[in-house]
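These notes concern the structure reproduced below.
The values are calculated or read from the model by the stated rules, or taken from the named source; none is laboratory data. Everything numeric in this text was worked out from a predicted model, so none of it was measured. All Cβ positions, even for glycine, are placed from backbone atoms using ideal geometry, and neighbour counts span all protein chains on display. Side chains are part of the model used for accessible areas, which takes the heavy atoms of the whole protein and leaves out ligands, DNA and RNA. Shrake-Rupley method; radii C 1.70, N 1.55, O 1.52, S 1.80 Å.
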Number of protein chains: 2
Amino acid sequence: MARSLRKPKAAGRPPEVRPSAQQAENLRRSRRDRAVETAQDYVEAIADLSASLGEARVVDLARRLGVTHVTVNRTLTRLQQAGYVNTQPYRAIFLTDSGRKLADECKRRHQTVAAFLRKLGVSEKTAELDAEGIEHHVSPETLATFEKLLARR
Amino acid sequence: MARSLRKPKAAGRPPEVRPSAQQAENLRRSRRDRAVETAQDYVEAIADLSASLGEARVVDLARRLGVTHVTVNRTLTRLQQAGYVNTQPYRAIFLTDSGRKLADECKRRHQTVAAFLRKLGVSEKTAELDAEGIEHHVSPETLATFEKLLARR
DNA sequence: ATCAACATGTAGCCTATGTTACATTTCAAA
DNA sequence: TTTGAAATGTAACATAGGCTACATGTTGAT
Ligand SMILES: [Mn+2]
Ligand SMILES: [Mn+2]
Ligand SMILES: [Mn+2]
Ligand SMILES: [Mn+2]
């Protein structure tokens with residue numbers, strides 16, 4: 001059974017239709033999505049807190065995101081460099097236009113996913129829980145499909 | 001508008017039903033899921049490669065996962081410590097019983113999610129792409145719902 | 001049997017994201 | 001006006017997961 005270390009030349013036939021290459025692409029995108037999850041969760045939280053409290057403070061974000069204020073601080077530095085937020089020392093955090101736009105997209109995606117799961121019969125709590133993760137991996141095509149099915153009936 | 005740094009005492013009323021705490025819990029779980037995504041993708045890939053090639057080699061995994069062999073090596077060290085794989089220098093990688101069990105679960109989840117998306121009308125390619133990310137965030141309840149709906153009709 | 005090409009291993013670097021411990025700033029209340 | 005508790009900032013550390021460059025091991029072909 002043990003295949004040798006080096007593969008023989010695969011006589012003649014085409015070098016396989018490389019399912020691995022497609023798999024790799026999919027996994028790469030999945031990892032790329034993962035990298036922007038943080039930004040999405042932050043701007044969404046900032047938008048929510050701004051709406052409900054009037055402004056978003058570091059402590060509020062930390063509580064809401066379930067991390068320490070240190071983590072929030074460092075991430076905000078990155079988000080500012082990325083152009084999503086404006087911060088000043090000891091002041092509240094505000095979204096840029098770009099950040100607000102991202103937040104709106106995220107909120108819409110989040111709500112669509114959650115609503116879709118509920119419509120399938122998934123419990124309120126589980127729908128909200130799963131949506132928090134799934135929202136970052138739903139392509140525009142899939143999101144459109146969800147919305148179409150939500151509109152029906 | 002600018003809320004003061006320190007909040008006033010919130011006279012009398014209960015200290016709000018803490019939606020933040022629930023949000024934080026959801027986000028924490030989402031991050032926890034993220035942390036095990038790697039393990040899941042690896043054991044799934046190892047199982048696939050073992051089935052199609054007879055064994056899983058580091059280069060095959062690197063190609064399939066879309067990373068370098070260095071990354072594969074280090075991750076395999078962690079997976080071995082976690083008890084999912086057995087490795088020996090310069091030899092193929094094998095799943096432990098625990099690893100095989102995890103791989104089976106992942107494969108089932110992956111297939112269910114992909115099949116469900118296809119059934120909704122999502123294109124083959126997009127279904128596969130989205131499933132690669134979504135699979136890690138689908139709770140047992142949601143998975144069961146998907147399966148039930150797949151069985152119908 | 002030799003050996004070069006490929007597979008595998010390792011050293012050292014990076015970023016993202018989490019933590020605890022401690023320093024500094026702000027402002028509501030005394 | 002003073003002041004101390006809460007908020008915010010910062011230093012130092014840890015782990016996961018990427019990478020390049022280079023060293024070492026294996027084995028199919030010659
Ligand atoms: Mn989320
Ligand atoms: Mn969300
Ligand atoms: Mn995956
Ligand atoms: Mn998968």
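For the range A:120-153, name all the residues that are acidic (Asp, Glu) and either facing chain B (nearest Cβ under 7 Å) or open to solvent by 10 Å² or more (accessible area, probe 1.4 Å) (or both).
Selection gives A:GLU124, A:GLU128, A:ASP130, A:GLU132, A:GLU141, A:GLU147.
Quick check, is B:ALA115 open to solvent by less than 40 Å² (accessible area, probe 1.4 Å) and more than 16 Å from ligand 2 (Cβ to nearest atom)?
yes
As an exercise: evaluate B:GLY66 against (1) touching a helix residue (DSSP H, G or I) at 6+ places or on another chain (Cβ under 7 Å); (2) at positive phi; (3) away from ligand 3 (no atom under 15 Å from the Cβ) and give the number of the one condition it does not meet.
Against the list (1) touching a helix residue (DSSP H, G or I) at 6+ places or on another chain (Cβ under 7 Å); (2) at positive phi; (3) away from ligand 3 (no atom under 15 Å from the Cβ), B:GLY66 comes up short only on (3).
Output the residues belonging to the range B:40-57 that are more than 9 Å from chain A (Cβ to nearest Cβ), hydrophobic (A, V, I, L, M, F, W, C), open to solvent by less than 20 Å² (accessible area, probe 1.4 Å) and within 16 Å of ligand 3 (Cβ to nearest atom).
Scanning the range B:40-57 gives B:VAL43, B:ILE46.
List the pairs whose first member sits in the range A:39-62 and is without any contact (Cβ under 8 Å) to a residue 12 or more places away in the chain, whose second member is in a helix (DSSP H, G or I) and among the charged types (D, E, K, R), and whose Cβ atoms are under 9 Å apart, counting only residues at least 6 apart or on separate chains?
As it stands, the answer is A:LEU53/A:ASP60, since those pairs meet every condition given.
Test of understanding: among B:ARG74, B:ARG91, which residue is assigned to a helix (DSSP H, G or I) and open to solvent by 50 Å² or more (accessible area, probe 1.4 Å)?
B:ARG74
Looking at the range B:27-62, which of its residues are of a type in the set (Lys, Arg) and within 19 Å of A:ALA21 (Cα to Cα)?
B:ARG57, the sole residue that qualifies.
For the range B:1-59, what are the residues that are at pLDDT 60 or above and of a type in the set (Asp, Glu)?
Correct list: B:GLU25, B:ASP33, B:GLU37, B:ASP41, B:GLU44, B:ASP48, B:GLU55.
Can you tell me which residue within the range B:20-39, out of those that are within 15 Å of DNA strand D (Cβ to nearest atom) and polar (S, T, N, Q), is surrounded by the most Cβ atoms within 10 Å (Cβ to Cβ)?
B:SER30
For the condition facing chain A (nearest Cβ under 9 Å), over 23 Å from A:GLU147 (Cβ atoms) and either in contact with a Pro (Cβ under 9 Å, 6 or more places away or on another chain) or more than 16 Å from ligand 2 (Cβ to nearest atom) (or both), what is the one hit in B:ASP104, B:ASP60?
Exactly one of B:ASP104, B:ASP60 is facing chain A (nearest Cβ under 9 Å), over 23 Å from A:GLU147 (Cβ atoms) and either in contact with a Pro (Cβ under 9 Å, 6 or more places away or on another chain) or more than 16 Å from ligand 2 (Cβ to nearest atom) (or both), namely B:ASP60.
List every residue pair whose Cβ atoms sit under 8 Å apart, with the two residues 6 or more apart in sequence or on different chains, where the first one lies in the range B:83-106 and is closer than 18 Å to B:SER52 by Cα and the second, anywhere, is modelled with pLDDT under 95 and not hydrophobic (A, V, I, L, M, F, W, C).
Qualifying pairs under 8 Å: B:ALA92/A:ARG3.
Quickly run through the range B:19-39 and pick out the residues that are at the interface with chain A (Cβ under 10 Å from one of its Cβ atoms) and small (Gly, Ala, Ser).
Passing the criteria: B:SER20, B:ALA21, B:ALA24, B:SER30.
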